[in-house]
Amino acid sequence: MPLDPHIAGFLRSLQPLGAPGPGENAVAQVRARLRALTVGQHYPATRPEAATVTPTVLAGSLPARVYRPHTETSLPTLVYLHGGGWVAGDLDTHDMHARTLCRDLDAVVVSVDYRLAPEHRFPAAVDDAYTALTWVARHVDTFGGDLDRLVVGGDSAGATLSAVCAQQARADGLELAAQLLVYPSTDMAGAYPSRVENGEGYFLTTPELHWFFEQYLGVRHSDPAPAAFGEDPRVAPLRAKDLAGLAPAVVATAEYDPLRDEGDAYAEALRRSGVRVEHPRFDGLVHGFYGMGHLSPAAGAGTDQRRTQTADRLTRATPPYGRLPPPLPSSVHS
């Protein structure tokens, strides 16, 4: 279907900003631009309210923010990993995401400020994400209190990290109630039509995508090294040899997203492996639509649908979900 007209108008308004240029200031430009498009666009009157929002530190070193609903009963807990290409994003840029999930899922949301590239390249973000998830699982009584309803989720790069965490959780015996993957990158070295069809003019461009990969991995996308990284399921979860037994998944993709096809492929691979999957593809929308509800009714409806599907997964959570993994190797905590 045609590009959503509200999104089209938004994209036209971005043209004067330009794309980050090459050079040593590019990282600072990308981070500043994401803050301008998130923190700078949200107003207190439209901000969902949680009962409490508390800064905390996980596992002794990971900054996080805990969002709690008003209810005092036992609740699901969602460990949320923000987007931003592993280079940008923080607790502030995704504050609205966390608040909205807290309100609409009636869940405790633990938003994690994992380390970013290029200062901290792969696998730093993976290590931080999984450390946060397992630490929350071990201390779930201080969060939502219900280990049977522990979820990992995120958007974009955070969705990729969530998929990786779900795979590692299965390997370690920590069974999750659900994984929430909003337009993830699942096959970095792959070649997909959507990388060409949606490579320019739809918020996230394919050249920008390659730039993010280069910052994260420390190699140029055109070098042979990315192909080797592309076989590592911690970078490309679609390349995992076995997807059976993973947590039920909600995988959301957007029609005008360069990452669309690999997200679709991951949802289908999960389904073929016997994983319960909800896989909405949102026509007319772009990468980043999650969080654009204030700009586009269609984006808001898509966000609502994704939350409804996640909530449905939580209501189906039954034992044996909630088994704890063995202690983490010390290298994971570094």
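Since every read-out is calculated from the coordinates, none of them should be taken as a lab result. What you see is a predicted model, and the numbers here were worked out from it, not measured in a lab. No Cβ is skipped: glycine too gets one built from the backbone with ideal geometry, and neighbour counts run over all protein chains shown.
May I ask you to evaluate 6.51 cos²θ - 1.76 cosθ + 1.60, the Karplus curve with θ = phi - 60°, for each residue of region 77-91 and list the ³J(HN,Hα) values in order in whole Hz, giving x for glycine and proline?
10, 10, 8, 9, 10, 6, x, x, x, 6, 10, 10, x, 6, 5
Can you give me the long-range amide H partners of residue 75? Hydrogens built in the peptide plane at 1.01 Å from N, cutoff under 5 Å, separation of 5 or more residues or another chain.
145, 146
Stretched out fully, how many nm does the piece from residue 32 to residue 189 gain, at 0.36 nm a residue minus the Cα gap?
Separation in residues times 0.36 nm, less the Cα-Cα distance, equals 53.7 nm.
Apply the Karplus curve 6.51 cos²θ - 1.76 cosθ + 1.60, θ = phi - 60°, to the phi angles in region 205-220 and return the couplings in whole Hz, x for Gly and Pro.
For region 205-220, the Karplus curve yields 9, 5, x, 5, 4, 5, 4, 4, 4, 5, 5, 5, 9, x, 9, 6 Hz.
Under 5 Å between amide H atoms, partner at least 5 residues away or on a different chain: which partners does residue 254 have, H built in plane at 1.01 Å?
Hits under the 5 Å cutoff: 282.
Take peptides 56-68, 240-252, 81-93, 175-187 and line them up by average Cβ neighbours within 10 Å, highest first, as a rough protection proxy.
Result, highest mean Cβ count within 10 Å first: 175-187, 81-93, 240-252, 56-68.
So for the pair residue 196, residue 244, with labels modelled 7 Å out along Cα→Cβ, what separation do we get in nm?
In this crude spin-label approximation the distance works out to 3.6 nm.
Each label point is 7 Å from the Cα along the Cα-to-Cβ direction; what then is the distance between the points at residue 139 and residue 13, in nm?
The modelled label-to-label distance comes out at 3.9 nm.
Can you tell me what percent of all Cα-Cα pairs in region 148-211 are more than 18 Å apart?
45 percent
Starting with the highest mean, order 2-10, 121-129 by the number of other Cβ atoms within 10 Å, averaged over the residues of each peptide. Could you put the intermediate results ahead of the total?
Working: 2-10: 16.6, 121-129: 20.6.
Ranking, from highest mean packing down: 121-129, 2-10.
Amide H to amide H under 5 Å from residue 94: which residues, 5+ apart in sequence or cross-chain, H placed 1.01 Å off N in plane?
none
For a quick protection proxy, order the peptides 137-147, 160-170 by their average other-Cβ count within 10 Å, most packed first.
In descending order of packing, they fall as 160-170, 137-147.
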